[in-house]
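Report on the structure given below.
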Amino acid sequence: MFVRRVAVVGAGYVGLTSAACLASLGHHVVCADIDEKKVEQLRKAEVQIFEPGLTELVGEGIAAGRLEFVVGVRNAVPDAEVVFLCVPTPMGEGGAADLRAVEAAVAEMKDLLAPETVVVNKSTVPVGTAKRVLELLDRDDVFVASNPEFLREGSAVKDFMHPDRIVVGSDAQNAAERVSALYARLGAPTVLMDAASAELVKYSANCFLAMKLSYVNAMAELCERLGADIANVTEGMGFDQRIGQSFLQPGPGWGGSCLPKDTHALLQIAEAAGHEFELLQATINTNEKQSRLIISKIAQAVGGLRGKKLGLLGLAFKAGTNDLRDSPALKIAKMLKAEGAELVAYDPAIPAEVEGVTDDVTVVDDVQHAAKDANALVVLTEWPQFRSLDWAALAGAMTGQVVVDTRNLLDGDILTRAGLTSHGVGR
Ligand code: UDX
C-alpha cells in the first residue's frame, strides 16, 4: 500500500475525523488549526467533539507517530504530497457559502507547497471553487481536486471507514487518482470525475436527502388528515429498492450543520446560473412549514400554549450528537416561547450549563426535573434512551398527561399504561 504524507487544514469535525482516519489507514498526517488551545488539547488526544471512536483513533494515531497537530497552515503543508482543506464554509450573505476561510488557507500555503502537491477541497464549496483555488494558488506545478465528504455526525468515523462511495474530481486525472489511492485500503466504490461534477455531488446528495425528508413530513401531514399511519406507508414504500428504507423517518423538520446550509447554498448556485430550482425551494418551504405544524400540534394537545409548562426531551438536532447548530428543537423552542409557553429541557448530551441555548429554555440535567409540573412532554430528539424512561414516574410528576412525540420514537402502549396520551406525527 502507498503511505503518503498528508496535511489536513482545519481540525473541526470533518478535518479531525479525516486526519485521524487517514492516519489509521497508515498515512503520515499533520493536522493544522489556527486555534492554539485546540491544538494543545489535541496533542494530548483531548477531543472536544462528541463523535464515537474519534478520541481513541486520535490517541492511536499520536501513539503510532502517524498523527501530529500543529498551529498554522505553514507548519503543515511544506512536506505534504496531498493537502486537504477542511475549513468551515458557513452560510454567508443570502445563503451562499462564505469562502473566506478557504481563501485565507490557500493564500497562506501557496508559496510553501512542494511541486506536484495536490490541494483537495473537502469542505462543501460552490461549484467552481476548485478552479478558483487553482487561480489563487497561481502555480502550474501543483494540482487541485475536490473530494467531498459524506460524514454524518455521530457516525463520522464509521462513515469514513466504511463509505458507500469515494468521489474525487479533478481536471487533472492523475491528481484524482493520487487522491483516491489514499483510500485504496477501504475497498469502496470509487468514482473519478471532473472537479465541477464532484463539487456538485455533495450538494446534490444532501439536497436530495432533504427533499426525501420534506416529502416524508408532507406525507405524514396527509396521513393525519386521511387516517393513515406514516410508519406503514414508509415501510411499504421503502422495500422498493429504488427508494430504500432509510431517511424516511418523519420528525420536527430537518436541521444540523449541513442540510439547511447546503439547500440554501444550492438554491443560490442555481439562481446564479439562471435556473429556477422550484423543487428545492419547495423542499425548504416544506421544512419551514413543518415546525409550524408541530407548534399547532402541541398547542392543540395542551389547549393553547400561553402559560403552559412544557418539558422538552432533546435539544440536539438529532440523536448521537451534542450539536445544536440549526437544531429543529431549538427553533421549535423559540416558537413555543414566543407563543407564551414556559420551557424546561433535558437532553442527555447537553449539560445544564450549556452555552448557546438562548433564554428561551431552562436546561436541566435530569429528565424528572423537566417533567415536574409540566402540562406536556415534547420529544424533539430521537435519543433511544427516551424509550425506556420510567414513564409512570414522569406521569406522576406532571400536571398534564400529554406527550407529543415529534419523532414517533416512543411505544404508545407503554405511555397508555402510564396514563399518558401520546400524539405522534403522521398517525
Ligand atoms: C448530513 C448527511 O447525511 C451527510 O452525508 C453529510 O455529509 C452531512 O449532512 P448530518 O447533518 O450529520 O449528515 O445529519 P443526518 O443524519 O443526515 O440528519 C439530518 C437531519 O435530518 C437531522 O435533523 C435529522 O434528525 C433529520 N432526519 C434524518 C429525519 O428527520 N429523519 C430521518 O429519517 C433522517
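Under the condition of being within 19 Å of residue 359 (Cβ to Cβ) and open to solvent by 10 Å² or more (accessible area, probe 1.4 Å), the residues counted in region 306-320 number 4.
Screening 82, 70 for residues that are of a type in the set (Val, Ile, Thr), closer than 15 Å to residue 9 by Cβ and crowded, with 23+ Cβ neighbours inside 10 Å leaves exactly one candidate, 82. Selection of region 221-259 for residues being within 18 Å of residue 331 (Cβ to Cβ), of a type in the set (Gly, Ala, Ser) and modelled with pLDDT of 95 or more yields 251, 253, 255, 256.
Yes/no matrix, rows are residues, columns are (1) surrounded by 24 or more Cβ atoms within 10 Å (Cβ to Cβ); (2) under 25 Å from residue 112 (Cβ atoms):
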{"residue": "20", "(1), (2)": "yes, yes"}
{"residue": "32", "(1), (2)": "yes, yes"}
{"residue": "42", "(1), (2)": "yes, yes"}
{"residue": "45", "(1), (2)": "no, no"}
{"residue": "48", "(1), (2)": "no, no"}
{"residue": "62", "(1), (2)": "no, yes"}
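Restricting region 267-288 to residues that are touching a Pro at 6+ places or on another chain (Cβ under 9 Å) and at pLDDT 95 or above, the residue that is surrounded by the most Cβ atoms within 10 Å (Cβ to Cβ) is 287.
Counting the residues of region 244-275 that are in a loop (DSSP other than H, G, I, E, B) and near the ligand (Cβ under 10 Å from one of its atoms) gives 14. Scanning region 121-137 for residues that are aliphatic (A, V, I, L, M) and more than 16 Å from the ligand (Cβ to nearest atom) yields 127, 130, 133, 134, 136, 137. Evaluating residue 218 against the criteria (1) open to solvent by 70 Å² or more (accessible area, probe 1.4 Å); (2) modelled with pLDDT of 95 or more leaves one unmet condition, (1). Exactly one residue out of 360, 347, 323 is within 15 Å of the ligand (Cβ to nearest atom), open to solvent by less than 30 Å² (accessible area, probe 1.4 Å) and without any contact (Cβ under 8 Å) to a residue 60 or more places away in the chain: that is 347. Yes or no: residue 381 at pLDDT below 95, within 15 Å of the ligand (Cβ to nearest atom), under 21 Å from the mean Cα position of the chain (by Cα) and among the hydroxyl-bearing types (Ser, Thr, Tyr)? For residue 381, the condition - at pLDDT below 95, within 15 Å of the ligand (Cβ to nearest atom), under 21 Å from the mean Cα position of the chain (by Cα) and among the hydroxyl-bearing types (Ser, Thr, Tyr) - is not met. Selection of region 289-298 for residues being away from the ligand (no atom under 13 Å from the Cβ) and either surrounded by 17 or more Cβ atoms within 10 Å (Cβ to Cβ) or under 18 Å from residue 216 (Cα atoms) (or both) yields 289, 292, 293, 295, 297, 298.
Screening region 380-420 for residues that are without any contact (Cβ under 8 Å) to a residue 24 or more places away in the chain and in contact with a strand residue (DSSP E or B) (Cβ under 7 Å, 6 or more places away or on another chain) and picking the one that is least open to solvent (accessible area, probe 1.4 Å) gives 412. For residue 241, the stated conditions do not hold, so it cannot be described as polar (S, T, N, Q) and near the ligand (Cβ under 10 Å from one of its atoms).
Before we move on, is residue 77 over 23 Å from residue 169 (Cα atoms) and of a type outside the set (Lys, Arg)? Here the answer is no, as residue 77 does not meet what is asked. For region 326-344, filtering for residues that are away from the ligand (no atom under 16 Å from the Cβ) and open to solvent by less than 40 Å² (accessible area, probe 1.4 Å) leaves 5. Every residue in region 358-406 that is among the aromatic types (Phe, Trp, Tyr) and either assigned to a helix (DSSP H, G or I) or within 18 Å of residue 303 (Cα to Cα) (or both), please. If the condition is that a residue be among the aromatic types (Phe, Trp, Tyr) and either assigned to a helix (DSSP H, G or I) or within 18 Å of residue 303 (Cα to Cα) (or both), then 386, 391 are the ones that fit. Evaluation of residue 185 against the conditions (1) open to solvent by 20 Å² or more (accessible area, probe 1.4 Å); (2) more than 17 Å from residue 27 (Cβ to Cβ); (3) not aromatic (Phe, Trp, Tyr) shows that the sole unmet condition is (2). The set of residues from region 314-329 being touching a strand residue (DSSP E or B) at 6+ places or on another chain (Cβ under 9 Å) and at negative phi comprises 315, 316, 322, 324, 329.
Of everything in region 385-414 that is away from the ligand (no atom under 16 Å from the Cβ) and β-branched (Val, Ile, Thr), the residue that is farthest from residue 308 (Cα to Cα) is 414. For region 138-238, the helices (runs of 4 or more DSSP H) that sit wholly inside it and include 3 or more residues that are more than 13 Å from the ligand (Cβ to nearest atom) are 173-181, 195-226, 230-238.
Do we find a residue being under 20 Å from the mean Cα position of the chain (by Cα) and more than 19 Å from residue 261 (Cβ to Cβ) anywhere in region 74-88? The answer is yes; a qualifying residue exists. Per the listing 46, 60, 108, 68, the residue uniquely outside any loop (DSSP other than H, G, I, E, B), over 28 Å from residue 130 (Cβ atoms) and of a type outside the set (Ser, Thr, Tyr) is 60.
Consider residue 241 carefully, then state whether it is closer than 30 Å to residue 49 by Cα and assigned by TED's automatic domain parsing to the domain that holds residue 292. No, not satisfied.
The values are calculated or read from the model by the stated rules, or taken from the named source; none is laboratory data. Bear in mind the structure is a predicted one, so any value in this text is a computation, not a measurement. Cβ coordinates were reconstructed from backbone atoms using ideal geometry, including for glycine residues, and neighbour counts include every protein chain displayed. Areas reflect the complete protein model, heavy atoms only, side chains present, ligands, DNA and RNA absent. Shrake-Rupley method; radii C 1.70, N 1.55, O 1.52, S 1.80 Å.
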